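One structure is given below, encoded as structure tokens.
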Amino acid sequence: MRNWGRFLGTTPEPAGLMARADAWADQIRDPTGAYRVVAEMVSDLAAMAEVCDNAEWGLLRSALLAHPLSQLLRRDPLLARAWRRCDALGQMGVGQQDAVLVDLMLRHPESEVLLRRADDIGRNVYEATSALPGCEAMRDCRRLLARLGDSVAERRWGAEILGIGPAYMREAALSLSGPAGGIRRWVGLVPYQDDATVIARSMPVPWVIPYVARTLPTLLRPDLLGSFDLVYCTGLDQLPDQSAELLMVAAFARVRPGGRLLLAGHDGGGGDAAFWRLAAATVLHQRDEARFAGLAAALPPRDIAARRVFRSINDAMVYLEVEKA
């Protein structure tokens, strides 16, 4: 166990970390205590992830998940959903996101019913976990998508937008151009009827159109959806490279000349990645700028007018934007 001493300083065994877990289990019962616990755990796990090999991380993970602290943390509906979600990534469609989890990350009002069901410890923890960089990046992403959609409509009145696996497509509700008639249709390609029902109920307007279908077969048939001024998918971290490349090529085919494709995914740059994957059996496919740029190499150069890779303001997500010639 060559790295325990390096991380724990004076304690050569994992006992030091477990002693902190004992203290955290007591502190988490208080709102400010829970906030401190999450902050300290995020910092400690990020540091340990830097020095642990896979075997050491597995031992750490097993020890912490067996500790009573783990069950206290799972009282937070966001953390419980995130850890369960990571264990079941393969059950979702290509590029699709867990809509309930996204709403919790967004602090959307419709997620409040889950908070009311949680106990005081769960609500304490949620105030901290929903403030972490990964969640803030999601909220920032929704605001960016809404503004980008409005910008497209400002350039071309009657714009058409396609969201691939957009959860409950909360970004459309932030649009200013949509209610003014600037967006002819904002289509959400979703995997489940339940997702479509929530979208239709929360935004009962003719320009918001949920479409339930399998992702890749639908994108590969232009007669089903047509073309769009903006196509986006923010769940690329759920896909390995080959699947992400297939999705990107199929999505780019739905972009009309002069339009844009925007792809995004978490890459752990915010420092909270180790915390989120503590209880995850499956690791997200996180990509830095170089890997996103590498994906874009699969697109025909003659069809690209411009290509940009950039990070979210808090460093937790990476974006790939491609303009079609």
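The values are calculated or read from the model by the stated rules, or taken from the named source; none is laboratory data. Note that the coordinates shown come from a computational prediction; the quantities given were computed from them, not determined experimentally. Cβ atoms come from the backbone with ideal geometry, glycine included; neighbour counts cover every protein chain shown.
Listed here are the residues, each with its yes/no results for (1) touching a Lys or Arg at 6+ places or on another chain (Cβ under 6 Å); (2) among the β-branched types (Val, Ile, Thr); (3) without any contact (Cβ under 8 Å) to a residue 40 or more places away in the chain.
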residue: ALA213; (1), (2), (3): no, no, yes
residue: ARG221; (1), (2), (3): no, no, yes
residue: THR234; (1), (2), (3): no, yes, no
residue: ASP241; (1), (2), (3): no, no, no
residue: VAL249; (1), (2), (3): no, yes, no
residue: ARG254; (1), (2), (3): no, no, no
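Scanning the range 231-248 for residues that are outside any helix (DSSP H, G or I) and in contact with a strand residue (DSSP E or B) (Cβ under 9 Å, 6 or more places away or on another chain) returns VAL231, TYR232, CYS233, THR234, GLY235, LEU239.
A quick yes/no check of all residues on (1) hydroxyl-bearing (Ser, Thr, Tyr); (2) over 26 Å from GLU160 (Cα atoms); (3) touching a Gly at 6+ places or on another chain (Cβ under 7 Å):
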site	(1), (2), (3)
LEU263	no, no, no
GLY270	no, yes, yes
ASP288	no, yes, no
ARG291	no, yes, no
LEU299	no, no, no
ALA305	no, no, no
ILE313	no, yes, no
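Go through the range 79-110 and give me each residue that's assigned to a helix (DSSP H, G or I), at pLDDT below 95 and surrounded by 17 or more Cβ atoms within 10 Å (Cβ to Cβ). The answer is LEU79, ALA80, ARG81, ALA82, TRP83, ARG85, CYS86, LEU89, ALA99, VAL100, LEU101, VAL102.
Residue by residue, here is whether (1) within 18 Å of the chain's Cα centre (by Cα); (2) part of a helix (DSSP H, G or I) holds:
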residue: ASP229; (1), (2): no, no
residue: ALA250; (1), (2): no, yes
residue: ARG260; (1), (2): no, no
residue: ALA264; (1), (2): yes, no
residue: GLY269; (1), (2): yes, no
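Checked against (1) part of a helix (DSSP H, G or I); (2) buried (at least 16 other Cβ atoms within 10 Å of the Cβ), LEU224 passes all but condition (2).
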